[in-house]
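Asks: There's a structure below that I have some questions on.
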Amino acid sequence: METRSNNNIPVYIYTKDNIIRLILLTAAFALVFINLYKPFSSESWYNVSEFKFFLFSSLIILTGVLVVVISRIIMYYYGKKRRIPYTSYAIWILLEIFFMAMFYTIYTVILNPKREYLAAFKESVINTSLVLLLPYAALHLYFSYREKEQQLRLLAEDRAEAAAQQNVYSFYDEKNELRLSVKRENLLYIESADNYVLIWYLNKGVVTKFMLRNSLKAIEESLTDTNVQRCHRSYMVNFDQVKVIQRRKDGIYMELGVDRVPDIPISKTYSEKVIQWFVNCSC
């Protein structure tokens, strides 16, 4: 999702799909407009039945819409190279109105030589503005709605992904390659073993060990702001699993509520922090 300057129009205005939508709607609106409202003195173009007028006017409208087609193709390729400011876009639309009005003015004067050129041009400018600006306004509102809807959907997906990531602990080796992912409720503790760490977790209810080449310090940094905290020079513990902290003659230990898992020692360096963390996690 691309950010934009407040001085530039949104990129979605000149994407390929939206340009096609704009051209098609403008052509359809112009066709309905000219047959219902009869602008540009079009009733004097042909002395034919309503059906034939519809057919002939359709060709003229489609020819006039070529101005929009050419303009938007240029805008599409121009927009690939640089952003388009609002002022430039406003001028761009005014030029579309001008050239389309010129086309209908010339066509009107050719078919009705009695019409004064300036009067015909003035009328053409007014009607062309309606033909272009009304569908443009409707489509820009629609494009904006769709963009905001997409942004909300992406935001919801990002939040869902972030929530999913919070429920999984991922472990990388010293080359920063992903080696193991464990659900939050299954991780027990992490133990230092020379140049390796031993990751203890539950797999189908069985206490399982995974050996990872990395340092405990690196693992600690990767798990910042999680419930997996350092409690000893050689241990980190998932506080979601800690059931009891007990002071004994030889020190302070944590008991996890899982069979065959040894009590984890707490060193004096971490004792105050660990007890505070345990209290907070228990609230």
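Asks: Mean-square fluctuation check for the chain, GNM, Cα pairs under 10 Å: which of E147, E221, E185 is largest?
Replies: Evaluated over the chain, the most mobile residue of the options is E221.
Asks: Assuming R0 = 45 Å, what is the FRET efficiency of Y142 and L178, from their Cβ-Cβ distance, to the nearest 0.05? Spell out each step's value before the answer.
Replies: Values: r = 42 Å, r/R0 = 0.94.
Taking R0 as 45 Å, the efficiency between Y142 and L178 is 0.60.
Asks: Would you please give the FRET efficiency between V258 and T224, computed as 1/(1 + (r/R0)^6) with r the Cβ-Cβ distance and R0 = 22 Å, to the nearest 0.05? Each step should come with its number before you reach the end.
Replies: Values: r = 25 Å, r/R0 = 1.12.
That pair, V258 with T224, gives E of 0.35.
Asks: At 7 Å along the Cα-to-beta-carbon direction for both R213 and A90, put a label point, then send me their distance in nm to one decimal.
Replies: Spacing of the two 7 Å Cα→Cβ label points: 6.4 nm.
Asks: Mind sorting V131, V182 by how few other Cβ atoms lie within 10 Å of their own Cβ, fewest first?
Replies: Numbers: V131 30, V182 20.
Taking fewest neighbouring Cβ atoms as first place, the list is V182, V131.
Asks: Please compare each pair in K16/K122; K217/K243; K175/K204; K175/K243 to a cut-off of 31 Å on the Cα-Cα distance and tell me which ones are over it.
Replies: Numbers: K16/K122 33 Å; K217/K243 25 Å; K175/K204 29 Å; K175/K243 35 Å.
Pairs exceeding the cut-off: K16/K122; K175/K243.
Asks: Using Rg/Rh (Cα atoms, Kirkwood Rh) as the read-out, say which of (1) 0.97; (2) 0.93; (3) 1.40 was calculated from these coordinates.
Replies: Derived directly from the coordinates: (3).
Asks: Could you work out the local net charge near N18, counting Lys and Arg as +1, Asp and Glu as -1, over the other residues with Cβ closer than 11 Å to its Cβ? Intermediate results must be reported in sequence, preceding the final value.
Replies: On the way: positive: K16, R21, R72, R146; negative: D17, E147.
Once positives and negatives cancel, what remains is +2.
Asks: Right, next: Express in whole angstrom the spacing between the alpha-carbon centres of the stretch 242-283 and the stretch 82-145.
Replies: Cα centroid of the stretch 242-283 versus Cα centroid of the stretch 82-145: 76 Å apart.
Asks: Can you give the local net charge around M236? Use residues other than it whose beta-carbon is closer than 9 angstrom to its beta-carbon, Lys and Arg +1, Asp and Glu -1. Show your work: numbers first, answer last.
Replies: Values: positive: R230; negative: E191, E220.
Counting the neighbours of M236, the net charge comes to -1.
Asks: Got a sec to turn the phi values of the stretch 17-31 into Karplus ³J(HN,Hα) couplings, 6.51 cos²θ - 1.76 cosθ + 1.60 with θ = phi - 60°, whole Hz, x for Gly and Pro?
Replies: 5, 6, 5, 4, 4, 5, 5, 5, 5, 4, 5, 5, 5, 5, 5
Asks: Measure off 7 Å from each Cα along the Cα-to-Cβ vector at S234 and L152, then give the distance between these two points in nanometres to one decimal.
Replies: Label at S234, label at L152, 5.6 nm between them.
None of the figures in this text is laboratory data; all of them are computed from the coordinates on show. Every value quoted in this text rests on a predicted model; they were computed, and no experiment measured them. Don't worry about glycine lacking a Cβ; one is built from the backbone with ideal geometry, like all the others, and counts go over all protein chains shown.
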